[in-house]
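Encoded as structure tokens, the structure appears first; notes follow it.
The values are calculated or read from the model by the stated rules, or taken from the named source; none is laboratory data. Remember, predicted model here, so these are calculated numbers, not experimental data. Ideal geometry is used to build each Cβ from the backbone, glycine not excepted, and the neighbour counts take in all protein chains shown.
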Amino acid sequence: MQIKLTVDRFEENRAVLIAADGASLSWPKNKLPDNLSEGAALNFEILEEKERAAKDKQTAKDIINEIINQT
């Protein structure tokens, strides 16, 4: 699941992020990219662990196939 969020404001060491439906989330600034400013757009991906593992495995296979096919 992809969630698009916008940086609404900063409060001390936290960023307040707003989703398109108006839901808000307080997130630690140190867990976000450096030099973000208010209004910056972010994409969060939420996956169950088994989904993430399957996606990582497929990515690894794709990279290996790309390397093999370049020779």
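Is it the case that residue 66 is of a type outside the set (Ser, Thr, Tyr) and loosely packed, with under 10 Cβ neighbours inside 10 Å? Give the steps one after another, and end with the answer.
Details: of a type outside the set (Ser, Thr, Tyr): yes; loosely packed, with under 10 Cβ neighbours inside 10 Å: yes.
Yes, satisfied.
Filter segment 1-53 for residues that are in contact with a helix residue (DSSP H, G or I) (Cβ under 9 Å, 6 or more places away or on another chain), at pLDDT 90 or above and surrounded by 12 or more Cβ atoms within 10 Å (Cβ to Cβ) and give the result.
Of everything in segment 1-53, those that are in contact with a helix residue (DSSP H, G or I) (Cβ under 9 Å, 6 or more places away or on another chain), at pLDDT 90 or above and surrounded by 12 or more Cβ atoms within 10 Å (Cβ to Cβ) turn out to be 10, 14, 15, 36.
Since residue 41 meets every condition but one in (1) small (Gly, Ala, Ser); (2) without any contact (Cβ under 8 Å) to a residue 24 or more places away in the chain; (3) under 17 Å from residue 2 (Cβ atoms), which condition does it not meet?
(2) is the only condition that residue 41 fails.
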